[in-house]
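Engineer: I'd like to ask you about the structure that follows.
The values are calculated or read from the model by the stated rules, or taken from the named source; none is laboratory data. Everything numeric here is computed off the predicted structure, so don't read it as measured data. Reconstructed Cβ throughout: ideal geometry from the backbone, glycine too, with neighbour counts over all protein chains shown.
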Amino acid sequence: MERHHGSRTRGLSAGIEAVPQGPFFEGRFGRMFRNLPVFQANKDDLLALAESMTQAGVVDNPAIPAGFTYLGQFVDHDITFDPNSSLQRMNDPEGLVNFRTPRFDLDSLYGRGPVETPFLYEQDSPGGVKLLVGRVIDTDGNRIQDQHDLPRNDFRQPTDPQQRALIGDPRNVENTFVSQLHLVFIKFHNKVVDKISNEQPQLRGDDLFKEAQRIVRWHYQWVVIFDFLARIIPEGMLDRLLRTDDEGMRSVRLRFYRPERRPFMPVEFSAAAYRFGHSQVRGRYKINTTVPVRPTFLPASDLPPKENVFEFRTADFRGFRGLPPSWTVSWPFFFELDDGQGVLQQSFKIDTNISGPLVNALPGADHQDPIDRSLPKRNLLRGKALGLPSGQRVARRMNVAHASILTGDDLGLEGDLADKFANETPLWFYILKEAEVQQNGERLGTVGGRIVAEVLLGLLDGDPLSFLTGTVATAIVRAPPALARTGPPSLSLPCKTWRVLLQARRPSGRCLRQGRHTPPRTMRGPTYRRAGKA
Ligand code: HEM
């Protein structure tokens, strides 16, 4: 069975009964706005609204390169992944008790570590702590020397049914882009292991693993906040929520996402606000200089027959299969990198126009079923099933100025829909429309930006091992504001953090080779025992 992104929503599919309603209780899922009434929309009206979101009109967002769409998806998988055993889940079907706190801990990469999930690790590497890297196979089944893929289970011929990727989260193979991004993180981890092994040979086995894990996680967390979040929320919002005092110390100030006990996943985030990424997905992509432009996903009826192996595998970017030869993603097509060839593609604007492949060609969906194959329909019905409040109610609860709350004509709806949703609109739709009206589709608006920012910062703040709260946080948070985009000075400068990650794809990435990302003494030594997570 294919495990699609969204197929394991950790109880989300169960509906409203899986989300604690009480004002105090917090479990697997929870609510940010507990006292707001559920928006009781009519199902047919929601389906008609979804139809209106599928009209032509998708346009490039000049502010956000296309790669951030899939970094967003990678982040979603990381914080919604629950590697508890299925047995444990069966004992706790609603997931209200046995719940691993959502964290930016890259469980999707590490699984449960080299001891419990040894099949993810390269046994011949130092301490057996490097992650496995796979190779692309050609049409004759030969492994191609310089073309890397995720490691795959018993994959010898392009026709083999066993092409399952051996990774910590089965959802990270849903499409070519998120799979290749996963590979970047694997290679980055391996580079970091090499570097630590050279510089601190006394660290072995579990200690080596934990130290590498800590460095990789902190780089990733820094990218999530200062490169990803800072781009998608309104300008200035991050500085208001992540304050810097006179000493240069940073602290998180949240108003709406305030877990009483431990961080949880609010449904306003997972079923509405963070699904903004669906509107960023392009209908077609170019991945490198050799492969022609391809549709993101083709409807099942347009796919070549499976017997035409090559055509079938290269028709679109759906996942769950080995990477075809020459399909290595060239990252300058996806991120602003100044050290490679490629024509940068932008993501699509954050607005209520959803591109064709997500409307009629969702991989893994039942294509005879008009609801199952349409992501806008599924998102709006999921919001209803989970009892979300309307966007306008949330805006008022956030004290958004009356004039800035979207109603009536602001919503750009026509005919019946204009009347039916004039004063109350589903939260997901509202957040997309708000981005369109307030930010010209380049960033999220007040409500969407605030929900996403509070949850991402709250998760980081609630994690005792994150770069904000870990033992050596002081060294990092003192980074002057001018460096906010480039990362912690001693971890990645003078290379941009992204470049550090992406160059780990090469045998000798410049940044790592020059040793410029070496953590200072304060980030090493005894702290690794506390900073790593088993
Ligand atoms: C090609 C890209 C993508 C596809 C095909 C896809 C597909 C899906 C599907 C089918 C669902 C389940 C819908 C339901 O029945 O409730 C889902 C859920 C979700 N998606 Fe996506 N998605 C994509 C990209 C993204 C991106 C870029 C983001 C955010 C930046 C995102 C965020 C979410 C969230 C938060 C959920 C609910 C929680 C979860 O299941 O992980 N998705 N997506």
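Engineer: Would you confirm whether any residue within the range 252-259 is hydrophobic (A, V, I, L, M, F, W, C), more than 11 Å from the ligand (Cβ to nearest atom), in contact (Cβ under 8 Å) with a residue 40 or more places away in the chain and more than 28 Å from P65 (Cβ to Cβ)?
Structural biologist: Within the range 252-259, one or more residues are hydrophobic (A, V, I, L, M, F, W, C), more than 11 Å from the ligand (Cβ to nearest atom), in contact (Cβ under 8 Å) with a residue 40 or more places away in the chain and more than 28 Å from P65 (Cβ to Cβ).
Engineer: Within the range 271-289, count every residue that is farther than 21 Å from V75 by Cα, within 14 Å of the ligand (Cβ to nearest atom) and among the polar types (S, T, N, Q).
Structural biologist: Qualifying residue count, the range 271-289: 0.
Engineer: Among the candidates Q200, Q180, single out the residue that is touching a residue at least 24 places away in the same chain (Cβ under 8 Å), out of contact with any helix residue (DSSP H, G or I) (no Cβ under 7 Å at 6 or more places or on another chain) and within 30 Å of A66 (Cα to Cα).
Structural biologist: Q180
Engineer: Does the range 298-312 include one or more residues that are within 21 Å of I354 (Cα to Cα) and within 12 Å of the ligand (Cβ to nearest atom)?
Structural biologist: Looking through the range 298-312, none of the residues is within 21 Å of I354 (Cα to Cα) and within 12 Å of the ligand (Cβ to nearest atom).
Engineer: OK, next. Could we say that L254 is crowded, with 20+ Cβ neighbours inside 10 Å and either farther than 25 Å from F33 by Cα or among the aliphatic types (A, V, I, L, M) (or both) here?
Structural biologist: no
Engineer: The conditions are (1) part of a helix (DSSP H, G or I); (2) over 22 Å from N172 (Cβ atoms); (3) touching a helix residue (DSSP H, G or I) at 6+ places or on another chain (Cβ under 6 Å); (4) more than 15 Å from the ligand (Cβ to nearest atom), and E268 fails exactly one of them. Which is it?
Structural biologist: Status for E268: all satisfied but (4).
Engineer: Just to verify a result, which residue in the range 341-359, among those that are buried (at least 21 other Cβ atoms within 10 Å of the Cβ) and in a strand (DSSP E or B), is farthest from the ligand (Cβ to nearest atom)?
Structural biologist: The extreme case among them is F348.
Engineer: Related question: So which residues in the range 271-299 are surrounded by 16 or more Cβ atoms within 10 Å (Cβ to Cβ) and not in a loop (DSSP other than H, G, I, E, B), if there are any at all?
Structural biologist: Answer for the range 271-299, where residues must be surrounded by 16 or more Cβ atoms within 10 Å (Cβ to Cβ) and not in a loop (DSSP other than H, G, I, E, B): A273, Y274, R275, F276, G277, H278, S279, Y285, R294, P295.
Engineer: Now a separate question. Scan the range 171-179 and tell me whether some residue there is within 16 Å of the ligand (Cβ to nearest atom), surrounded by 22 or more Cβ atoms within 10 Å (Cβ to Cβ) and part of a loop (DSSP other than H, G, I, E, B).
Structural biologist: Looking for residues that are within 16 Å of the ligand (Cβ to nearest atom), surrounded by 22 or more Cβ atoms within 10 Å (Cβ to Cβ) and part of a loop (DSSP other than H, G, I, E, B), one finds at least one in the range 171-179, hence yes.
Engineer: Would you check which residues across the range 362-374 are under 12 Å from A300 (Cβ atoms), in contact with a helix residue (DSSP H, G or I) (Cβ under 8 Å, 6 or more places away or on another chain) and more than 9 Å from the ligand (Cβ to nearest atom) and list them?
Structural biologist: The answer is H367, R373.
Engineer: For residues in the range 45-95 being modelled with pLDDT under 65 and within 17 Å of the chain's Cα centre (by Cα), which is surrounded by the most Cβ atoms within 10 Å (Cβ to Cβ)?
Structural biologist: D82
Engineer: Something else: What pairs come out if I take residues in the range 66-77 that are near the ligand (Cβ under 8 Å from one of its atoms) and pair them with residues that are of a type in the set (A, V, I, L, M, F, W, C) and not in a helix (DSSP H, G or I) whose C-beta lies under 8 Å away, six or more apart or interchain?
Structural biologist: Cβ pairs passing all conditions: T69/V281; Y70/F334; V75/F104.
Engineer: Restricting attention to the range 98-121, does a residue exist that is modelled with pLDDT under 85, among the basic types (K, R) and in a loop (DSSP other than H, G, I, E, B)?
Structural biologist: Within the range 98-121, one or more residues are modelled with pLDDT under 85, among the basic types (K, R) and in a loop (DSSP other than H, G, I, E, B).
Engineer: OK, next. Return the residue satisfying two criteria in turn: it lies in the range 379-394 and is among the hydrophobic types (A, V, I, L, M, F, W, C) and in contact with a Leu (Cβ under 8 Å, 6 or more places away or on another chain), and of such residues it is farthest from E434 (Cα to Cα).
Structural biologist: Residue satisfying both the conditions and the ranking: L386.
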